[in-house]
Amino acid sequence: GAGVSQSPSNKVTEKGKDVELRCDPISGHTALYWYRQSLGQGLEFLIYFQGNSAPDKSGLPSDRFSAERTGGSVSTLTIQRTQQEDSAVYLCASSSDNEQYFGPGTRLTVT
Amino acid sequence: EDQVTQSPEALRLQEGESSSLNCSYTVSGLRGLFWYRQDPGKGPEFLFTLYSAGEEKEKERLKATLTKKESFLHITAPKPEDSATYLCAVQADGYALNFGKGTSLLVTP
(Lines give C-alpha, C1' and ligand atoms only; values in the text may rest on other atoms or scores of the structure.)
Protein backbone atom coordinates (compact mmCIF):
# COMPACT_ATOMS: atom_id res chain seq x y z
CA GLY A 1 0.00 0.00 0.00
CA ALA A 2 0.90 3.65 -0.15
CA GLY A 3 3.34 4.89 2.44
CA VAL A 4 3.62 8.26 4.12
CA SER A 5 3.97 11.07 1.60
CA GLN A 6 5.32 14.55 2.15
CA SER A 7 5.37 17.69 0.05
CA PRO A 8 7.25 19.53 -1.14
CA SER A 9 10.36 17.36 -1.23
CA ASN A 10 12.54 20.46 -1.23
CA LYS A 11 11.82 24.02 -0.17
CA VAL A 12 14.12 27.02 -0.38
CA THR A 13 12.89 30.15 1.34
CA GLU A 14 14.23 33.51 2.38
CA LYS A 15 14.81 34.34 6.01
CA GLY A 16 11.68 35.86 7.54
CA LYS A 17 9.21 34.16 5.22
CA ASP A 18 6.57 31.64 6.37
CA VAL A 19 6.55 28.06 5.07
CA GLU A 20 4.04 25.22 5.14
CA LEU A 21 5.02 21.56 4.95
CA ARG A 22 2.47 18.85 4.25
CA CYS A 23 2.19 15.24 5.38
CA ASP A 24 -0.21 12.55 4.15
CA PRO A 25 -0.10 9.61 6.58
CA ILE A 26 -0.75 5.97 5.80
CA SER A 27 -4.49 5.41 5.46
CA GLY A 28 -6.00 4.24 8.73
CA HIS A 29 -3.12 5.35 10.92
CA THR A 30 -4.45 7.34 13.86
CA ALA A 31 -1.14 8.67 15.15
CA LEU A 32 1.00 11.23 13.32
CA TYR A 33 4.39 12.64 14.30
CA TRP A 34 6.68 15.40 13.07
CA TYR A 35 10.45 15.18 13.57
CA ARG A 36 13.36 17.34 12.45
CA GLN A 37 16.77 16.08 11.32
CA SER A 38 19.55 18.62 11.24
CA LEU A 39 23.03 18.03 9.84
CA GLY A 40 25.08 16.17 12.39
CA GLN A 41 22.13 15.83 14.78
CA GLY A 42 19.81 12.98 15.52
CA LEU A 43 16.14 13.09 14.75
CA GLU A 44 14.41 15.54 17.07
CA PHE A 45 10.73 15.12 18.02
CA LEU A 46 8.51 18.12 17.31
CA ILE A 47 4.81 17.28 17.74
CA TYR A 48 2.46 14.28 18.03
CA PHE A 49 -1.20 13.88 17.08
CA GLN A 50 -3.38 10.96 18.23
CA GLY A 51 -6.92 10.77 16.95
CA ASN A 52 -9.04 13.65 18.23
CA SER A 53 -6.93 14.22 21.34
CA ALA A 54 -5.07 17.47 21.97
CA PRO A 55 -1.63 17.28 20.29
CA ASP A 56 1.58 16.85 22.28
CA LYS A 57 3.50 20.00 21.35
CA SER A 58 6.32 19.48 23.83
CA GLY A 59 9.02 19.24 21.15
CA LEU A 60 8.28 22.45 19.26
CA PRO A 61 11.41 24.63 19.54
CA SER A 62 9.65 28.00 19.52
CA ASP A 63 6.25 29.61 19.07
CA ARG A 64 7.13 30.19 15.41
CA PHE A 65 6.35 26.51 14.87
CA SER A 66 2.80 25.19 14.74
CA ALA A 67 1.00 22.22 13.25
CA GLU A 68 -2.51 21.09 12.61
CA ARG A 69 -4.16 17.90 11.51
CA THR A 70 -7.41 18.17 9.65
CA GLY A 71 -10.02 15.42 9.66
CA GLY A 72 -7.65 13.08 11.45
CA SER A 73 -5.60 12.64 8.31
CA VAL A 74 -3.44 15.23 6.53
CA SER A 75 -1.17 17.39 8.65
CA THR A 76 0.51 20.73 7.97
CA LEU A 77 3.58 22.00 9.81
CA THR A 78 3.91 25.78 9.62
CA ILE A 79 7.07 27.73 10.40
CA GLN A 80 6.62 31.47 10.66
CA ARG A 81 9.36 34.05 10.17
CA THR A 82 11.90 31.38 9.21
CA GLN A 83 15.45 31.62 10.50
CA GLN A 84 18.61 30.04 9.12
CA GLU A 85 18.73 27.61 12.04
CA ASP A 86 15.40 26.19 10.82
CA SER A 87 17.23 24.63 7.85
CA ALA A 88 16.83 20.87 8.22
CA VAL A 89 14.96 17.86 6.91
CA TYR A 90 11.46 17.70 8.34
CA LEU A 91 10.16 14.16 8.62
CA CYS A 92 6.63 12.97 9.20
CA ALA A 93 5.72 9.54 10.56
CA SER A 94 2.46 7.73 11.18
CA SER A 95 1.51 4.65 13.16
CA SER A 96 -1.47 2.48 14.02
CA ASP A 97 0.19 0.86 17.01
CA ASN A 98 3.75 1.32 18.23
CA GLU A 99 5.72 1.15 15.00
CA GLN A 100 6.26 4.50 13.30
CA TYR A 101 6.60 4.62 9.52
CA PHE A 102 8.37 7.61 8.06
CA GLY A 103 7.88 9.63 4.92
CA PRO A 104 10.73 10.78 2.67
CA GLY A 105 10.98 14.18 4.34
CA THR A 106 11.00 17.79 3.21
CA ARG A 107 14.41 19.44 2.97
CA LEU A 108 14.04 23.05 4.05
CA THR A 109 16.77 25.55 3.26
CA VAL A 110 16.52 29.07 4.64
CA THR A 111 18.74 31.57 2.83
CA GLU B 1 16.89 12.71 30.98
CA ASP B 2 16.65 9.94 28.40
CA GLN B 3 19.86 9.34 26.47
CA VAL B 4 20.67 7.17 23.47
CA THR B 5 24.28 6.70 22.38
CA GLN B 6 25.27 4.75 19.28
CA SER B 7 28.71 3.40 18.50
CA PRO B 8 30.73 3.42 16.44
CA GLU B 9 29.81 6.59 14.55
CA ALA B 10 31.08 5.03 11.35
CA LEU B 11 32.02 1.49 10.37
CA ARG B 12 33.63 0.15 7.24
CA LEU B 13 33.38 -3.58 6.53
CA GLN B 14 34.47 -5.85 3.76
CA GLU B 15 31.69 -7.83 2.15
CA GLY B 16 31.13 -10.94 4.25
CA GLU B 17 32.81 -9.48 7.36
CA SER B 18 30.30 -9.77 10.22
CA SER B 19 30.10 -7.13 12.94
CA SER B 20 27.83 -5.50 15.51
CA LEU B 21 26.51 -2.00 16.08
CA ASN B 22 25.84 -0.83 19.62
CA CYS B 23 23.06 1.29 21.09
CA SER B 24 23.38 2.21 24.76
CA TYR B 25 20.43 3.85 26.45
CA THR B 26 19.42 5.46 29.69
CA VAL B 27 15.68 5.75 30.07
CA SER B 28 13.16 5.51 32.86
CA GLY B 29 10.48 3.05 31.87
CA LEU B 30 11.41 1.64 28.48
CA ARG B 31 8.34 1.00 26.35
CA GLY B 32 10.27 -0.09 23.29
CA LEU B 33 13.59 0.10 21.46
CA PHE B 34 13.50 0.60 17.72
CA TRP B 35 16.00 0.09 14.92
CA TYR B 36 15.72 1.92 11.62
CA ARG B 37 17.77 2.00 8.44
CA GLN B 38 18.20 5.31 6.61
CA ASP B 39 19.56 5.66 3.08
CA PRO B 40 20.85 9.05 1.88
CA GLY B 41 18.04 11.44 0.98
CA LYS B 42 15.33 9.12 2.31
CA GLY B 43 13.28 8.75 5.46
CA PRO B 44 14.10 6.08 8.06
CA GLU B 45 12.90 2.58 7.21
CA PHE B 46 11.55 0.53 10.11
CA LEU B 47 13.51 -2.64 10.93
CA PHE B 48 12.73 -3.94 14.45
CA THR B 49 11.03 -3.20 17.74
CA LEU B 50 12.26 -4.85 20.95
CA TYR B 51 10.27 -4.59 24.15
CA SER B 52 12.04 -6.53 26.91
CA ALA B 53 15.52 -7.66 27.91
CA GLY B 54 16.46 -10.95 26.31
CA GLU B 55 14.31 -10.40 23.27
CA GLU B 56 15.83 -11.02 19.83
CA LYS B 57 14.51 -10.40 16.33
CA GLU B 58 15.95 -11.35 12.94
CA LYS B 59 15.49 -10.20 9.38
CA GLU B 60 17.70 -11.55 6.63
CA ARG B 61 21.30 -10.72 7.63
CA LEU B 62 20.28 -8.57 10.60
CA LYS B 63 19.63 -9.63 14.18
CA ALA B 64 18.72 -7.23 16.98
CA THR B 65 19.14 -8.06 20.67
CA LEU B 66 18.23 -6.18 23.84
CA THR B 67 19.55 -6.03 27.40
CA LYS B 68 18.58 -3.66 30.20
CA LYS B 69 21.23 -1.15 29.16
CA GLU B 70 21.93 -1.67 25.48
CA SER B 71 20.91 -3.15 22.18
CA PHE B 72 23.05 -4.67 19.47
CA LEU B 73 22.38 -4.90 15.77
CA HIS B 74 24.37 -7.85 14.46
CA ILE B 75 25.10 -7.92 10.75
CA THR B 76 26.09 -11.34 9.42
CA ALA B 77 28.00 -11.61 6.14
CA PRO B 78 27.03 -8.11 5.01
CA LYS B 79 26.63 -7.12 1.38
CA PRO B 80 27.26 -3.72 -0.23
CA GLU B 81 23.50 -3.10 -0.30
CA ASP B 82 23.52 -3.12 3.50
CA SER B 83 25.42 0.17 3.40
CA ALA B 84 23.29 2.81 5.14
CA THR B 85 22.95 4.69 8.40
CA TYR B 86 21.41 2.59 11.16
CA LEU B 87 19.41 4.48 13.76
CA CYS B 88 18.41 3.36 17.23
CA ALA B 89 15.56 4.99 19.15
CA VAL B 90 13.88 4.48 22.50
CA GLN B 91 10.32 5.11 23.50
CA ALA B 92 9.69 5.91 27.15
CA ASP B 93 6.74 7.55 28.86
CA GLY B 94 5.30 9.26 25.83
CA TYR B 95 4.90 8.09 22.28
CA ALA B 96 7.72 10.11 20.73
CA LEU B 97 10.95 8.35 19.78
CA ASN B 98 14.27 9.56 21.18
CA PHE B 99 16.90 8.82 18.54
CA GLY B 100 20.63 8.29 18.70
CA LYS B 101 22.85 9.94 16.09
CA GLY B 102 23.26 6.74 14.14
CA THR B 103 26.03 4.52 12.83
CA SER B 104 27.06 5.02 9.23
CA LEU B 105 27.88 1.62 7.72
CA LEU B 106 29.84 1.14 4.51
CA VAL B 107 30.25 -2.35 3.10
CA THR B 108 32.81 -2.64 0.32
CA PRO B 109 32.96 -5.43 -2.27
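A few remarks follow.
- Among A:Tyr90, A:Tyr101, A:Tyr35, the largest mean-square fluctuation in a Gaussian network model of chain A (Cα springs under 10 Å) belongs to A:Tyr101.
- Over 24 Å between alpha carbons, listed pairs B:Lys42/B:Lys69; A:Lys57/B:Lys68; A:Lys15/B:Lys101; B:Lys69/B:Lys101: B:Lys42/B:Lys69; A:Lys57/B:Lys68; A:Lys15/B:Lys101
- Options A:Pro55, B:Phe48, A:Leu108, ranked by Cα towards positive dipole end of the protein assembly as shown, top entry (Cβ charges): A:Leu108
- DSSP bridge analysis restricted to the protein assembly as shown gives an antiparallel fraction near 90%, rounded to the nearest 5.
- Based on Cα contacts under 8 Å between residues 6+ apart, chain A shows a relative contact order of 38 percent.
- Taking the Cα centre of the protein assembly as shown as origin and assigning +1 to Lys and Arg Cβ atoms and -1 to Asp and Glu Cβ atoms, the resulting dipole is close to 280 debye.
- Rounded accessible area per residue of chain A, 1.4 Å, Å²: 49 Å²
- Region B:3-93 shape via C-alpha gyration tensor axes, a/c threshold 1.5: prolate
- Modelled FRET efficiency - R0 25 Å, B:Glu15 with B:Glu70, Cβ distances, 0.05 increments: 0.40
- Surface analysis of region B:3-93 yields an accessible area of 50 Å² per residue, using protein heavy atoms and a 1.4 Å probe.
- Cβ-derived FRET efficiency at R0 25 Å, A:Ser7 paired with B:Phe46, nearest 0.05: 0.70
- Simple point charges give the picture: +1 on the Cβ of Lys and Arg, -1 on the Cβ of Asp and Glu, and for region A:5-97 a dipole about the Cα centre of about 160 debye.
- Taking the DSSP beta bridges with both ends in chain A, the antiparallel portion is around 90 percent.
- Whole-percent P(r), region A:1-74, all Cα pairs, 10 Å bins from 0: 16, 47, 32, 5.
- Most fluctuating residue given options A:Gly42, A:Gly51, A:Gly59, as computed from a GNM of chain A linking Cα atoms under 10 Å: A:Gly42
- Burial of 10 Å² or greater, region A:45-76 residues [accessible area, probe 1.4 Å, versus chain by itself]: A:Phe45, A:Tyr48
- Contact order normalised by residue count of chain B, Cα under 8 Å, 6+ apart, percent: 37 percent
The values are calculated or read from the model by the stated rules, or taken from the named source; none is laboratory data. Owing to the predicted nature of the structure, the values given are computational and were not obtained by experimental measurement. Every residue, glycine among them, receives a Cβ derived from its backbone with ideal geometry; neighbour counts consider all protein chains shown. Note: accessible area is taken over every heavy atom of the protein model, side chains too, but ligands, DNA and RNA are not part of it. Shrake-Rupley method; radii C 1.70, N 1.55, O 1.52, S 1.80 Å.
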